[in-house]
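Engineer: One structure follows; several queries about it will come next.
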Amino acid sequence: MNCIALYIIFGSVFQGVSRNLTVNFKGFQTIYYLRKGCTSSTCEGVESLNELKYAGEVGCALLGPTCTLATFQMVDVEIGLDLNMPIISAGSFGLSCDFKKELTRLLPPARKISSFFVSFWKFEDHIKPTWKTVYIYKKLNNTEDCFWYMNALEVDSAPFSSSLEKRVILRKEDELSEALASKDRASNLFIICGRPDDIMDLKNGTQMDSDPESAFLLIDLYNDIYYNGSSNPAMRNVLVLTMPNTRNYTIDTSGNNTMNDYIAAYHDAVLLFGQVIRNIITSSDFQQMETVSVNYFRNVSFNGIAGDYELDEYGDRDLIFSLIYTNKDNEYKVLYEFNTTTNVTYLKDNNPDFIWPQLRLPDDHPDTKGQQIQGIVITLGATVVGVMATLAFIFYWQNRSYRNMQKKWSHIPSELITPLELNERNMISLKIEEDSIKSNSYNLRRARYDKKMVILKELKYTDGSFTEKQRRELNALLKIDYYNLTKFYGTVKFDNEVFGVFEYGERGSLRHVLKEKISYPDGTFMDWQYKISVMYDIAKGMSYLHASNIAVHGRLKSTNCVVDNRMVVKIADFGVNTILSPSKDLWTAPEHLRKQGISQKGDVYSFAIISQEIMMRKCTFYTNTCSDRAEKLARVQYPSLTSCFRPDLNFENAGEREQEVCMLIRNCWDEDPDRRPDFKKIEFTLRKIVSLDNRADESYMENLIRRLQMYSRNLERLVEERTALYKAERDRADYLNFMLLPGPVVRSLKEKGMVEPELFEEVTIYFSDIVGFTALCYYSTPMEVVDMLNDIYKNFDSILDNHDVYKVETIGDAYMVVSGLPRRNGNRHAMDICHMALDILAFMGTFQLRHLPGLPVWIRIGVHSGPCAAGVVGIKMPRYCLFGDTVNIASRMESTGLPLRIHVSESTISILQRTDRKFEYEKRGETYLKGKGKETTYWLTGVTGQDHNLQTPPTAENMQHLQQDLAQMLKTCLENRPTSMRKRKTLSTRQKKLGAEIEMECTEQPEYLHLATDESTYL
C-alpha cells in the first residue's frame, strides 16, 4: 500500500448515529517518479493536503499515510502542517514520528520493537541467559517496516544500542557469512528483519541450519504463517518475533495483496473513528465542537478484525508479541510472550523441544576456551623467542619510564597513598532494624594522603598519558581552591588504573542526606533555614566555578554534591570533561537530552532539579503522575505543545519567602535556556533570603548553638524510642523462651550458653493419656483429632498455671508434668501434682468433643515420686528432658490404671501423709508393674473438705449398661454427622472390616468401650 490518504469530511454509516459522513479517497501516482515506493510520496502528500486546506475541504480526520517520511512532514512541530485534526496511520513506524500530538498508529511502531529487545536482552531465566552483544544484519532492500525497525536498533543514541557492550552492523551477505564462519566472532546472536525465505536464502543449505551455538532473531510481524503453516529445518535455530494470533482473517499470499495487516489496520481505523464519532455525538459538547480532539484517540481500546486494540497515552498500539521457535518436528511453537504495556516477558513453554542443547538458548559470547589455549601456546612461544630482545631493552625502558614520570604533572607516587578497606562505611545510621543490612550504595574507594582522608575516583578511557588538552584542563583543576568546591590533589596509578585524588565528604552525598530522614529529620535539623543554606552553598560553588577557567560543570547532580563533617555542601566531579563524558539522566537539561553537550545554562537547569529534591526531600524528579525514569526522560526531551514536563513543586500554606524560592526554581528550569538566570543572580537572590531568615537579635554563634540544641533533643528522643523498641522486642523473646523452657534454664542459657545436668533427690511425676484414643481417631478426621487434642491440652495448660508444676512435653495423647524441678519446693511437689490431677479429672467430667458432642472422654492418670536427673538435650529445638527410674514407674502407673482414676504409688502417699493437707485415697492392692514386680498402689479420690465434683468411675456392675448407653450415643453422633465426614478417606483392611461390622451389628460395642470386667481389677 503506497501512502494512500483518506480524509473524512463527515462520516458514513456508523451504527446508532443518525448522521451522514462523507469519505473522500485520494492516492498518489508514483509511476512517473525517479524513485519508487514510500519515499516518493513525501512532497506530493504535503502538496495534496495544502490544496485541500486552501480549498476548505479538509475534514475532521485523516487516514494515512503509511510512509514515515510523508507522515513526518505532516506532524512535526517545526516543519509539519498545522492540520489540527487526528491522523490515523497503519505504518509511520520511524522514531521520528514518536510522541506526536495528532498521530495515532495502529501497527506497532519501532519504539515498541526497541523496547522488546532492550527488555529481552536483559531478561534471564532457566532457558535464556542475559545477553550483551549482537550482530544486526541490515539489508539494502528492506521493506518499509523492516527499514525503520532495524534503524531503531542501529542508531547509536537509541536505548537498545546504548544498553549493549558490543554491537556490530552487517550490511552485506558476505559480511554475515564471514561473521558466522569466524571462530572469534563478536557474538552468537544475529538480528534480521524479513521472512523465512530470507533465512533460507542466507543459509543456502549450509551447516548453519543445525548450528546450536548461534541464534537468529527474525522480525516478521505481518505474517500469519507461524500460526497456520509448518516450518523447515533452516528455521531450527531461529526465534521469530511476530504479532499475536488474534487475526480474524487470513493474509493473502497469492500475490494479489487483497488482504494483509495494513488493509486490516485501515479497516479498523474506520471502526475506531466511528467509535469516536458516536462518543462525540452522544456527548453534550457536540454542538460546540469544531474539530475532533486527539484525546479521543489516547488511552482507548476497541475491537477490530485484527483483534483487540489498546492505544497508549501517545496513540501507539500496545499488544503482546510472540517469540516463536521451531521444534524438532518442524512445528512452530510459542516460547515467550512480551507485553509492551508493562515491558514484561512471560515464559510460555517450560520444556521446549528446540535445537539448542540442555534446554537453554546459547550465550551471546562464543566458546573461546580452545582459542584461549591456542593463544596461550602462541604467547608462550613468542615470549621465549623475544626474551633475549626484551632483556636488551630493559635498561632503555626503565630510563624512558623515569623520563615520562618526570614529565607527568601533579602525579602522586603510589607509596604516598594508603588505600583503606573497601567495606568501611562512611555513614552511621540510627535505624536499628537496618543495622544488619549490608548496602553497597555508600562503599567508596577511600585512602589517606598527607594525613587527610581522600577519595580515589577512576579516570576511565586513559592510561595516564594525558593529551595536551587534558593536561590544560587538569592543571586548571589543580588551581581551584574554594570553600564550596572539593579540592583536587592530583593523580595516582594503582593496578594499571589511573585515579584522581579528591577531597573527601565525610557525610556522603547530598542525595543520601536528603533520603536519611532518621538522622536528619525535617522538623529540627533539616528545617527551612538549612535547606536554603544548602541551596546557597551550591549556588556559591557554581558561581565561582563558572567564573573560573573551567567555566562549566556538565554533570551537576545531587549524587556528586557531597556534605562534609561541618554540614557544608561541596560540589564534586567537575573539570574533567575531556576524560569523563556527560551522561543523560534526570538532571540533564532538555536541550542536552536532544543534542549531547554541556553549557552553563544546562548547569542552571541541573541546579533547579537539585533544589526541588532539597525542598521536597523525595526521589529525584518526583511527580505524582509519573514514576518511570525512561518516561520522564522522554517527556522532558519531547515536550508537548502546551506545557513542559517538570517535577512537582507544591507547598501548602507557603510563605512569601517560600514562594520566592519556588519562583526562582521554576525560572531555573525554564525550557528556553536564554530565559534562565545565571548563578550570580541565583547567589544574590538566595543571599537575600538567607539574611532575612536569620533572627535580627541573634548572632551567628547563637544560631549555631540553638540548632545544635534542637538536634541534640531530637537525637535523645530517637534514642529513647529505639531503646523502648529494643526492650519490647527483648521482652517478647524472653516470654517465648519461658514458654519453651523453665525460667532458670533460660537464664542459664543466656548467661553461660549451656545448662549443667542436675540430680534431684525427690520429685513427683504425672502421666496421663486418653482411653481408647486410637478408636476415637478412627471416627475422626485428622483435623478433628488436632482440634480435640488442642481443646483438651489448652485447658490442661491453664490448670497448670494454678500450681507449682512444670509441663515437660506432650506426645500424641500422652501428657507429662513434673513438680520439684528445676526449682526445688520441699514436700510440696507431691501435693501440687495431686491437686493438679484432681482439677484435671474434674475438668474432664465437663469436657465435650466438638465433632462428637455428648460422647464422654475418659483419661487414665498415674503419679509417682522419687529421684530424677534433668538437663537440656540438643542445640536446635532444645528440650528439657527427665531421666531415671522414677519416669518409667510413673509411666507404668498410668498404663496400669483405670479410666477416670488417679493411680498413685506408695512413695507419693508417704509424702502426702507428711503434709498438712488431708488427701482421701483408697488402697487398690498389689499391682504388677513391668520391671518392678508387684507394688502396693492407691486410688486418689479427693481432699477432705473439698468437693471436686469428680465423675463416678466405671465398675463391673454398671459396665454392661454403660456400654450399651455409650454405643447408642456414638451411633447417634455418627448418624448426625455430614455424609462426607462419616468415614475416613483412607482405611486399612482391618479398619474397613471393623467399620463394616459396626454398621451391621449395632449391638456390638466400639473397641474403646471394651473394658475389663474382672472384679479383681476394681479393688
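The values are calculated or read from the model by the stated rules, or taken from the named source; none is laboratory data. Note that the structure is a prediction, hence the values are computed from the model and not measured. Please note: Cβ atoms are built from the backbone with ideal geometry, for glycine as well, and neighbour counts cover all protein chains shown.
Engineer: Which residue out of Tyr766, Tyr815, Tyr793 is under 13 Å from Leu882 (Cβ atoms), in the same structural domain as Ser905 (by TED's automatic domain parsing) and either touching a helix residue (DSSP H, G or I) at 6+ places or on another chain (Cβ under 8 Å) or not in a loop (DSSP other than H, G, I, E, B) (or both)? First the steps, then the outcome.
Structural biologist: Details: Tyr815 fails: under 13 Å from Leu882 (Cβ atoms); Tyr793 fails: under 13 Å from Leu882 (Cβ atoms).
After ruling out the rest, the residue left standing is Tyr766.
Engineer: Please state which one of Tyr314, Tyr325 is at pLDDT 90 or above and in a loop (DSSP other than H, G, I, E, B).
Structural biologist: Tyr314
Engineer: Let me ask another. Quick check on region 206-220. Is at least one of its residues free of Cβ contacts under 8 Å to residues at least 24 places away in the same chain and either part of a helix (DSSP H, G or I) or within 19 Å of Lys138 (Cβ to Cβ) (or both)?
Structural biologist: yes
Engineer: Taking interchain pairs and intrachain pairs at least six residues apart, which have beta carbon atoms under 6 angstrom, with the first residue in region 876-889 and surrounded by fewer than 16 Cβ atoms within 10 Å (Cβ to Cβ) and the second at pLDDT below 80?
Structural biologist: Arg879/Val873; Cys881/Val873
Rundown of residues vs (1) assigned to a loop (DSSP other than H, G, I, E, B); (2) under 28 Å from Pro953 (Cβ atoms); (3) modelled with pLDDT under 90, yes/no style:
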| residue | (1), (2), (3) |
| --- | --- |
| Gly862 | no, yes, no |
| Ala869 | no, no, no |
| Val872 | no, no, yes |
| Lys876 | yes, no, yes |
| Tyr880 | no, no, yes |
| Val887 | no, yes, no |
| Gly897 | yes, yes, yes |
| Ile902 | no, yes, no |
| Arg917 | yes, yes, yes |
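Engineer: For the subset of region 110-159 comprising residues that are out of contact with any strand residue (DSSP E or B) (no Cβ under 9 Å at 6 or more places or on another chain) and within 20 Å of Thr242 (Cα to Cα), which member is surrounded by the fewest Cβ atoms within 10 Å (Cβ to Cβ)?
Structural biologist: Top of the filtered list is Lys122.
Residue-by-condition table, conditions (1) under 31 Å from the mean Cα position of the chain (by Cα); (2) without any contact (Cβ under 8 Å) to a residue 24 or more places away in the chain:
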{"residue": "Tyr482", "(1), (2)": "no, no"}
{"residue": "Gly490", "(1), (2)": "no, no"}
{"residue": "Asp495", "(1), (2)": "no, yes"}
{"residue": "Gly505", "(1), (2)": "no, no"}
{"residue": "Leu510", "(1), (2)": "yes, no"}
{"residue": "Val513", "(1), (2)": "yes, no"}
{"residue": "Ile518", "(1), (2)": "yes, no"}
{"residue": "Trp528", "(1), (2)": "no, no"}
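Engineer: With the structure loaded, tell me whether Ser611 is polar (S, T, N, Q), surrounded by 17 or more Cβ atoms within 10 Å (Cβ to Cβ) and in contact with a Phe, Trp or Tyr (Cβ under 7 Å, 6 or more places away or on another chain) or whether it fails that test.
Structural biologist: no
Engineer: Could you check region 707-736 and list, in sequence order, the residues that are surrounded by 11 or more Cβ atoms within 10 Å (Cβ to Cβ) and of a type in the set (Asp, Glu)?
Structural biologist: The answer is Glu721, Glu729, Asp734.
Engineer: For region 599-656: of the residues being free of Cβ contacts under 8 Å to residues at least 24 places away in the same chain and among the polar types (S, T, N, Q), which is farthest from Gly554 (Cα to Cα)?
Structural biologist: Only one residue fits best here, namely Asn653.
Engineer: Another question, then. Could you list, in sequence order, all residues of region 561-601 that are under 20 Å from Tyr530 (Cα atoms), surrounded by fewer than 19 Cβ atoms within 10 Å (Cβ to Cβ) and either in contact with a Leu (Cβ under 9 Å, 6 or more places away or on another chain) or among the β-branched types (Val, Ile, Thr) (or both)?
Structural biologist: Hit for region 561-601 is Val568, nothing else.
Engineer: Are there any pairs with C-beta distances below 7 angstrom linking a residue in region 839-862 that is surrounded by fewer than 19 Cβ atoms within 10 Å (Cβ to Cβ) to a residue that is assigned to a loop (DSSP other than H, G, I, E, B) and basic (Lys, Arg), with the two at least 6 apart or on different chains, and if so which?
Structural biologist: Close Cβ pairs satisfying both conditions: none exist.
Engineer: Residue by residue through region 239-262, note down the ones that are in a loop (DSSP other than H, G, I, E, B) and surrounded by 12 or more Cβ atoms within 10 Å (Cβ to Cβ). So that I can check it myself, show each step before the final result.
Structural biologist: The first filter runs over region 239-262 and keeps only residues in a loop (DSSP other than H, G, I, E, B), leaving 243-260.
Met243, Pro244, Asn245, Thr246, Arg247, Tyr249, Ile251, Asp252, Thr253, Asn257, Met259, Asn260 - these are the residues of region 239-262 that are in a loop (DSSP other than H, G, I, E, B) and surrounded by 12 or more Cβ atoms within 10 Å (Cβ to Cβ).
Engineer: From Leu459, Leu430, grab the single residue that is under 15 Å from Asp573 (Cα atoms) and modelled with pLDDT under 85.
Structural biologist: Unique residue meeting the criteria: Leu459.
Engineer: Looking at Ala837, Ala775, Ala830, can you tell me which residue is over 21 Å from Gly884 (Cα atoms), among the hydrophobic types (A, V, I, L, M, F, W, C), at pLDDT 85 or above and not in a strand (DSSP E or B)? Don't jump to the end; show me each part of the working.
Structural biologist: Values: Ala775 fails: at pLDDT 85 or above; Ala830 fails: over 21 Å from Gly884 (Cα atoms).
Ala837 is the lone residue from the list that is over 21 Å from Gly884 (Cα atoms), among the hydrophobic types (A, V, I, L, M, F, W, C), at pLDDT 85 or above and not in a strand (DSSP E or B).
Engineer: Could I ask something else about it? Considering only residues of region 918-938 that are of a type in the set (Phe, Trp, Tyr) and touching a Phe, Trp or Tyr at 6+ places or on another chain (Cβ under 8 Å), which is surrounded by the most Cβ atoms within 10 Å (Cβ to Cβ)?
Structural biologist: The initial filter retains those residues of region 918-938 that are of a type in the set (Phe, Trp, Tyr), namely 919, 921, 928, 938.
Imposing the further condition that a residue be touching a Phe, Trp or Tyr at 6+ places or on another chain (Cβ under 8 Å) reduces the set to 921, 938.
Details: Tyr921: 17, Tyr938: 21.
If we take residues in region 918-938 being of a type in the set (Phe, Trp, Tyr) and touching a Phe, Trp or Tyr at 6+ places or on another chain (Cβ under 8 Å), then Tyr938 is surrounded by the most Cβ atoms within 10 Å (Cβ to Cβ).
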